[in-house]
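The values are calculated or read from the model by the stated rules, or taken from the named source; none is laboratory data. These numbers come from a predicted model, not from an experiment. Here Cβ is always computed from backbone atoms with ideal geometry, including for glycine, and neighbour counts include all displayed protein chains.
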Amino acid sequence: MKKLQINIDKEATRAYRLKYEQQCSCAYCRNYNKTFKMKYPQTSKLLTELGLDTDYPLEIMPFQFDHRSNEKEYLSFYPVKGTLDEHEINLVSEELAIHIFKGSHEKNPCPNPQMEEPYILIGISGIRLPWVLDEDPE
Ligand SMILES: [Zn+2]
């Protein structure tokens with residue numbers, strides 16, 4: 001993986017998460033938190049290096065449930081305190097598309113965090129997680 005042209009304040013990112021991010025109690029989010037780190041260990045490690053915890057996303061969007069594979073599709077976003085030298089960075093990690101972009105981007109697809117600018121958003125798409133809860137996934 002190439003060196004990211006990204007300047008992060010890991011401590012501020014972590015402090016923000018502890019202060020503002022709350023875990024959602026809906027079935028989609030609980031399933032995400034139970035399975036993400038197990039399914040995507042390298043990506044989880046990358047997020048940890050940025051000061052994040054995969055269990056505390058800014059936003060999770062659940063998509064289709066695949067009955068054959070028993071997997072739920074998701075898109076998620078995480079906020080990082082810092083700046084980006086480039087306009088945006090796109091990475092592929094464990095078959096996930098990771099989109100790193102400036103938080104002030106006008107087409108910001110997720111709700112704004114209560115974080116002061118400048119900040120960076122990390123969007124992860126292509127997430128497919130096994131459904132491990134007893135509840136119905138739909
Ligand atoms: Zn939720």
Worksheet item: Could you give every pair whose Cβ atoms fall below 6 Å, whose first residue belongs to segment 53-67 and is under 16 Å from C110 (Cα atoms), and whose second residue is in a strand (DSSP E or B) and of a type outside the set (S, T, Y), counting only separations of at least 6 or pairs across chains?
Response: L58/F77; L58/P79; E59/F77; M61/L75; F63/E73
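Matching residues to (1) within 16 Å of the ligand (Cβ to nearest atom); (2) surrounded by fewer than 19 Cβ atoms within 10 Å (Cβ to Cβ); (3) not aromatic (F, W, Y):
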position	(1), (2), (3)
N7	no, yes, yes
E21	yes, yes, yes
C26	yes, yes, yes
F36	yes, no, no
G51	no, no, yes
P57	yes, no, yes
F65	yes, yes, no
Worksheet, complete the sentence: In segment 84-102, residues that are of a type in the set (V, I, T) and either within 16 Å of the ligand (Cβ to nearest atom) or modelled with pLDDT of 95 or more (or both) total 2
Practice prompt. Identify the single condition in (1) in contact (Cβ under 8 Å) with a residue 40 or more places away in the chain; (2) surrounded by 15 or more Cβ atoms within 10 Å (Cβ to Cβ); (3) more than 16 Å from the ligand (Cβ to nearest atom); (4) within 30 Å of D136 (Cα to Cα) that Q42 does not satisfy, given that it satisfies every other one.
Written response: (2)
Item to complete: Any chance you could count how many residues in segment 107-138 are in a strand (DSSP E or B) and touching a Ser or Thr at 6+ places or on another chain (Cβ under 6 Å)?
Response: 3
Worksheet, complete the sentence: Of those in segment 87-134 that are in contact with a helix residue (DSSP H, G or I) (Cβ under 6 Å, 6 or more places away or on another chain) and farther than 22 Å from K72 by Cα, the residue surrounded by the most Cβ atoms within 10 Å (Cβ to Cβ) is M115
Worksheet item: Can you tell me how many residues in segment 9-19 are touching a residue at least 40 places away in the same chain (Cβ under 8 Å) and surrounded by 13 or more Cβ atoms within 10 Å (Cβ to Cβ)?
Response: 5
Discussion item. Could you check segment 39-59 and list, in sequence order, the residues that are outside any helix (DSSP H, G or I) and within 12 Å of Y78 (Cα to Cα)?
Written reply: L50, G51, L52, D53, T54, D55, Y56, P57, L58, E59
